[in-house]
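Asker: Quick one: this structure, given as C-alpha cells, is what I'll be asking you about.
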Amino acid sequence: MAHRELPASAAGPNLNQFVAGSEGILGVITAATVKIHRVPAEKDYRGFFFKDFEAGAKAVRTILQEELPVAMLRLSDGPETHFLQSFSAAQKPPGAIERAAMQALAWRGYGEGRCLMIVGLEGDRETVLESQVRTRAIIERLGGVHLGNRPGERWYSKRFAMPYMRDPMLDRGIAVETLETSVRWSDLHNLYRGVHLAIHDALRDNAADPEARAIVMCHLSHGYIDGASLYFTMIFPQKQGAEVEQWLAIKRAASDAIVAGGGTISHHHGVGTDHAPWLLREKGEIGVALLAGLKDSLDPKHTCNPGKVLPG
C-alpha cells in the first residue's frame, strides 16, 4: 500500500492512521516521511507548587483552553511530588536555604499533599517571554506558587533517570508498574480517585504480606483542550512465587476502573495483549469487527504480530 504524504487531504480516511495505530498487525512499514522542526532558540522549564491536585489540574486546563504555546505541562499528585523530592534529596541533600524555603512554603499551606507542576516553554525569545508571563499569571491566580527554574531544569536533566530504577528494584523483589489513560476534564477527578482506590484495594488483597507497604502515585502527563492523560505508577513488594498472578490482579482492577471511569484503556502505551480484553468495551462490536476485517483482508494468514490488539 502506498500513501502520499500531503499537508492535508479529504480523500477518504487517513490510511496512515490505520497502519500507524495498528501495532504491526496489518503489515510492515517499509518507508516513512519524517517531518522536522527547527531547534528552539529558547527553552524555559520552571516549577510551581499547588496545595492540591484539583487546583493544579484547573490551572493546566485553563492554560490549554486559552491556547498558550506551551511545550509541556506536567502535574504530579501529592504522593509523586513527595517521591520525586525524596529521590532528589537522596542524590543531593538540600542545603539550609532550600530547607528554610520549604518550611516557609509549608507554613503557607503548601505542605503535605502539595503538588508539583513543571511548565516547559520553547520557541523564539519573544514567544517564550510572553508565554512565561501569561502562564505564571494564570497559575498564581489559581493558587500556584512560583519555585523558579531550578525544579524545571532538574526535572529536564534527570527525566530519563527514573526508569533505570526498575530493573534493580525487580532484582530485589520490588515491582514497579505503570499504566496510563486519557479522559475528559469532566471525568478526570472521578477517574483519578476511582483508579487510586481500585489499585490500593487490589494491592491490599494481593499483598506479599500484611505489613507490606506500597506506593501509588500519578501525574497528569499530557493535556488537551478537552481533557488530559493520567499516568499512574505503582511500587510494591512482590509475592514470591506468584509475581505474575499478583500483577494480573492489580492490572485487571486498575483497567476495569479506568474503563468504568470513562477513560481510554491506553493513551500512548498501546494495546498489545495486556489491554486487548478491554478493547471491545471501548471500540464497540462494529469497531472491533472493522479492525478484524482489515486484518483478514491485509494479512489473511495472520502472520503479522499475531495475538496482538484484537480481543481473543
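Asker: On the basis of being of a type in the set (A, V, I, L, M, F, W, C), under 16 Å from residue 74 (Cβ atoms), open to solvent by 30 Å² or more (accessible area, probe 1.4 Å) and free of Cβ contacts under 8 Å to residues at least 12 places away in the same chain, does residue 137 make the cut? Spell out the reasoning first.
Answerer: Details: of a type in the set (A, V, I, L, M, F, W, C): yes; under 16 Å from residue 74 (Cβ atoms): no; open to solvent by 30 Å² or more (accessible area, probe 1.4 Å): yes; free of Cβ contacts under 8 Å to residues at least 12 places away in the same chain: yes.
Judged against the criteria, residue 137 is not a match.
Asker: Also: With respect to residue 34, is the statement that it is more than 30 Å from residue 193 (Cβ to Cβ) and either in contact with a Leu (Cβ under 8 Å, 6 or more places away or on another chain) or charged (D, E, K, R) (or both) true?
Answerer: Working: more than 30 Å from residue 193 (Cβ to Cβ): yes; either in contact with a Leu (Cβ under 8 Å, 6 or more places away or on another chain) or charged (D, E, K, R) (or both): no.
When the stated conditions are applied, residue 34 does not pass them.
Asker: Against the conditions (1) in contact with a helix residue (DSSP H, G or I) (Cβ under 8 Å, 6 or more places away or on another chain); (2) in contact (Cβ under 8 Å) with a residue 60 or more places away in the chain; (3) among the small types (Gly, Ala, Ser), where does residue 253 fall short? Just the number, please.
Answerer: So residue 253 meets the others, but not (2).
Asker: Another one. Do we have residue 310 as open to solvent by 30 Å² or more (accessible area, probe 1.4 Å), touching a residue at least 40 places away in the same chain (Cβ under 8 Å) and either over 25 Å from residue 218 (Cβ atoms) or of a type in the set (Phe, Trp, Tyr) (or both) here? Quick ask: steps written out before the conclusion?
Answerer: Details: open to solvent by 30 Å² or more (accessible area, probe 1.4 Å): yes; touching a residue at least 40 places away in the same chain (Cβ under 8 Å): yes; either over 25 Å from residue 218 (Cβ atoms) or of a type in the set (Phe, Trp, Tyr) (or both): yes.
When the stated conditions are applied, residue 310 passes them.
Asker: Whether any residue in the range 214-233 is without any contact (Cβ under 8 Å) to a residue 40 or more places away in the chain and either over 16 Å from residue 58 (Cβ atoms) or not aliphatic (A, V, I, L, M) (or both) is what I want to check.
Answerer: Of all residues in the range 214-233, those without any contact (Cβ under 8 Å) to a residue 40 or more places away in the chain come to 214.
Subsequent filtering for residues that are either over 16 Å from residue 58 (Cβ atoms) or not aliphatic (A, V, I, L, M) (or both) retains 214.
The answer is yes; a qualifying residue exists.
Asker: Out of 184, 204, I need the residue that is open to solvent by 60 Å² or more (accessible area, probe 1.4 Å) and more than 23 Å from residue 73 (Cα to Cα). Which one?
Answerer: On the way: 184 fails: more than 23 Å from residue 73 (Cα to Cα).
Within the list 184, 204, the selection yields 204.
Asker: Could I ask something else about it? Which of the numbered conditions does residue 210 fail, given that it passes all the others? Conditions: (1) of a type outside the set (A, V, I, L, M); (2) open to solvent by 60 Å² or more (accessible area, probe 1.4 Å); (3) touching a residue at least 60 places away in the same chain (Cβ under 8 Å).
Answerer: Residue 210 satisfies all of (1) of a type outside the set (A, V, I, L, M); (2) open to solvent by 60 Å² or more (accessible area, probe 1.4 Å); (3) touching a residue at least 60 places away in the same chain (Cβ under 8 Å) except (3).
Asker: For the range 236-246, what are the residues that are surrounded by fewer than 18 Cβ atoms within 10 Å (Cβ to Cβ) and either closer than 15 Å to residue 56 by Cα or touching a strand residue (DSSP E or B) at 6+ places or on another chain (Cβ under 9 Å) (or both)?
Answerer: Narrowing the range 236-246 to residues surrounded by fewer than 18 Cβ atoms within 10 Å (Cβ to Cβ): 240-245.
Hit for the range 236-246 is 243, nothing else.
Asker: When the residues of the range 269-279 are narrowed to those that are assigned to a helix (DSSP H, G or I) and open to solvent by less than 80 Å² (accessible area, probe 1.4 Å), which ends up farthest from residue 250 (Cα to Cα)?
Answerer: Going residue by residue through the range 269-279, those that are assigned to a helix (DSSP H, G or I) are 276-279.
Pick out the ones that are also open to solvent by less than 80 Å² (accessible area, probe 1.4 Å) and you get 276, 278-279.
Details: 276: 16, 278: 15, 279: 18 Å.
Result: 279.
The values are calculated or read from the model by the stated rules, or taken from the named source; none is laboratory data. This one's a predicted model, so the numbers in the text were calculated from it and none came from an experiment. Please note: Cβ atoms are built from the backbone with ideal geometry, for glycine as well, and neighbour counts cover all protein chains shown. Quick note on the areas: whole protein, heavy atoms, side chains included, nothing else; ligands and nucleic acids left out. Shrake-Rupley method; radii C 1.70, N 1.55, O 1.52, S 1.80 Å.
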